[in-house]
Amino acid sequence: MDTFIQQLINGLTVGAIYALIALGYTMVYGILRLINFAHGDIYMVGAFVGYFLAYQLGFAAGPSLLGLTVVLLGSMIISALVGMAIERFAYRPIRKYARMTTLITAIGVSLLIENLFVARLGAAPRAFPQLLREESYTLFGNAAISKSQILIFIVSIALMLLLQWIIFKTKVGTAMRAVSFNLNSAKLMGINTDVIISVTFALGSALAAAAGVLTAQYNPQIDPLMGIITGLKAFVAAVLGGIGNVPGAVLGGLLIGIAETFVVGYGQNIGVPSTFRDAVAFAILILVLLFRPTGLLGSTVQEKV
Amino acid sequence: MPTLVKRLVAALIIVLLLIAMNQFMSEEGLFGFGVPPYYALVIVLAGINVILAVSLNLITGFTGQFSIGHAGFMAVGAYTSAYLTVYYAQDWESSLGVMIGASLAHAMIFLLAILVGALAAALAGLIVGIPSLRLRGDYLAIVTLGFAEIIRIVILNIDQVGGAIGFRVPGYTNFLWVGSFAVITIVIVYNIVHSDIGRALVSIREDELAAEAMGINTTRYKVLSFVISSALAGMAGVLFGHYTQFLSTNDFQFIRSFEIIIMIVLGGMGSLTGAVFGAIVITLLPELLRKLPGDFSQYRLVVYSALLIIIMLTRPQGILGTREFGLSWLKRAQRRPEGNAPVGDKGVPIAEQAPPSEIDRSKEAENR
């Protein structure tokens, strides 16, 4: 039982990270029907921006709450700008073209970011400075929860609530929902769709950057290719929950995080080696899509002739 | 000249050309002239990529089903055939060699390996295709990607084929094999596309609902093109494995599938020559960029990805669009549809018209 709770805590930690990234995928998809493959790399950019901020501003010397806050917010803001720049220069010019073209461009942007970072910084992993004094607390007997895990839970829940508030209670959020419902009608209603799309990219990128910094606290190794697999799984999480659906992305992320941790923790007992960790996300996705082709919380779209 | 004679002559010329090129690229060279091994390597890889791109074009370009799992089928073909050649080929070859001669036995065994690889990949394609082709668009894409990753991870856990360490494979492939199978692939796909099956596939791409309403069994045709496409990809995998003589599951990551998609989008989706062209460009581009001066060479892949984005921004329909490159370009202007071929509004057979994508977009916007 103790290990079960422990696995659950670890799974939720990983899942919360996936959920934060999946939100960006799902928001962009909801508005543009674009799989933004560069989104996983924004998560990596976020971690690296945090790394450089910590060193440049002198917070790398020792743990401090101020340092953590500044690094987290700074990384979110800078990454949001990066996300907006990508949208402005790579996606906006081709928005009206075929799906495949935009998709290839997204892959191109993703490759560009990765290769640029590898060329500038090298592919070797770097140690992220500790901004939080690492301590563990025991709960329910033997299960332990570390400070960085608590941080991940608090920050991700806060960010998700904030996002929910932005989407449902603000003018920008209303406009976002209108654009995702029908871009052309939204334009006719006087919504500046370009600005709204920009804001969507900014929000998604900020969330991914937060995920990057938080992961780097939990597992302080960052490298320029860390966004590929994590980004892919987060995308799977978004599809699993029903792409374009915000609560779905969170649900999908948590499910995949827990499933992965359980495969590593309990897999051997039923003959599944822990190397199947990376496959389980896809296996769940395929099973769910076979029975619910639009994801867990996705709405079915009636096809018109 | 009757068509049959014409075709036979063409086939003969192609075969002779391939043999000459093979000699040119081997170590001895042709009449003392040969290309350096590095160039030969790049040319062979380009040939393998041509097979991959042309086969993916069948399912994505002509049938309009978006698959990002091609590397998975390639892996299935590569690993099954390698299992055969590593564990059984030597015995069979020596016993067969007694009867028909060593070099013929060598070729027969490899032909068998290619067939086995293609069949295994076709089977994988069938298993993946039947459930996933119910899905549409991006969902299909992500499911094929998922299957490919699962295939890769399963292979990674089979110790008989090397697992995570990698798998040493005997070298069988040379340019002649790759060139011949590239030609065979192109001929197969060309013939499918220009047959009634091809018409059905294109109609599915243009409008699946309308195709179904016209009595086309869309699921059957989608699965069919998926299986054929997978089999050809498996073949490419066999050739690849027996050329590099080393298989690692890292060669079959999803980035590989992306690469193949990039080839067909770059060349122009739904264009056979476009796919060939795209495959060659994408293989050569990173190699040519090695020649960047001095410090720039470390930015090789940065330049590569930047070029990719720029091409997409400036020529979103791909370099050739849906057009085919060939001699008929010279007389395209007065060309007319033959016989009862279905004709679109531009007076060209539907198969050669613009891709549905732009039309799709506007329709999607309406439906949203």
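Quick check on A:PHE48: is it in contact (Cβ under 8 Å) with a residue 40 or more places away in the chain and not in a loop (DSSP other than H, G, I, E, B)? For A:PHE48, the condition - in contact (Cβ under 8 Å) with a residue 40 or more places away in the chain and not in a loop (DSSP other than H, G, I, E, B) - is met. From the list A:TYR97, A:TYR91, the one residue that fits, being free of Cβ contacts under 8 Å to residues at least 40 places away in the same chain, aromatic (Phe, Trp, Tyr) and surrounded by 17 or more Cβ atoms within 10 Å (Cβ to Cβ), is A:TYR97.
Among the candidates B:ALA40, B:ALA78, the residue that is surrounded by 17 or more Cβ atoms within 10 Å (Cβ to Cβ), assigned by TED's automatic domain parsing to the domain that holds B:GLY137, modelled with pLDDT of 90 or more and within 16 Å of B:THR173 (Cα to Cα) is uniquely B:ALA78. Criterion first (more than 22 Å from A:LEU34 (Cβ to Cβ), modelled with pLDDT of 85 or more and either assigned to a helix (DSSP H, G or I) or at the interface with another protein chain (Cβ under 8 Å from one of its Cβ atoms) (or both)) does A:LEU255 satisfy it? It is true that A:LEU255 is more than 22 Å from A:LEU34 (Cβ to Cβ), modelled with pLDDT of 85 or more and either assigned to a helix (DSSP H, G or I) or at the interface with another protein chain (Cβ under 8 Å from one of its Cβ atoms) (or both).
Residues are listed down the side, and each one gets a yes or a no for (1) in a helix (DSSP H, G or I); (2) charged (D, E, K, R); (3) touching a residue at least 40 places away in the same chain (Cβ under 8 Å); (4) within 14 Å of another protein chain (Cβ to nearest Cβ):
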{"residue": "B:ALA78", "(1), (2), (3), (4)": "yes, no, yes, no"}
{"residue": "B:GLU93", "(1), (2), (3), (4)": "yes, yes, no, no"}
{"residue": "B:MET99", "(1), (2), (3), (4)": "yes, no, no, no"}
{"residue": "B:ALA120", "(1), (2), (3), (4)": "yes, no, yes, no"}
{"residue": "B:THR144", "(1), (2), (3), (4)": "yes, no, yes, yes"}
{"residue": "B:ILE155", "(1), (2), (3), (4)": "yes, no, yes, yes"}
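If we keep just the residues of the stretch A:283-305 that are within 7 Å of chain B (Cβ to nearest Cβ) and under 15 Å from B:ALA141 (Cα atoms), which is modelled with the lowest pLDDT? So, considering only residues that are within 7 Å of chain B (Cβ to nearest Cβ) and under 15 Å from B:ALA141 (Cα atoms), the one modelled with the lowest pLDDT is A:PRO293.
Tally the residues that are among the hydrophobic types (A, V, I, L, M, F, W, C) and farther than 26 Å from A:PRO224 by Cβ, restricting the search to the stretch A:88-114.
2
Hey, can you tell me all the residues within the stretch B:216-252 that are surrounded by fewer than 23 Cβ atoms within 10 Å (Cβ to Cβ), of a type in the set (A, V, I, L, M) and part of a helix (DSSP H, G or I)? Answer for the stretch B:216-252, where residues must be surrounded by fewer than 23 Cβ atoms within 10 Å (Cβ to Cβ), of a type in the set (A, V, I, L, M) and part of a helix (DSSP H, G or I): B:VAL223, B:LEU224, B:VAL227, B:ILE228. For the stretch B:194-215, taking the residues that are in a helix (DSSP H, G or I), within 14 Å of chain A (Cβ to nearest Cβ) and among the aliphatic types (A, V, I, L, M), the one that is surrounded by the fewest Cβ atoms within 10 Å (Cβ to Cβ) is identified as B:ALA213.
Of the candidates A:ALA216, A:ALA209, the single residue that is buried (at least 24 other Cβ atoms within 10 Å of the Cβ) and in contact with a strand residue (DSSP E or B) (Cβ under 8 Å, 6 or more places away or on another chain) is A:ALA216.
The values are calculated or read from the model by the stated rules, or taken from the named source; none is laboratory data. Values in this document were obtained by computation on a predicted structure and should not be read as measured data. Cβ sites come from the backbone with ideal geometry, for glycine too, and all protein chains shown count toward neighbours.
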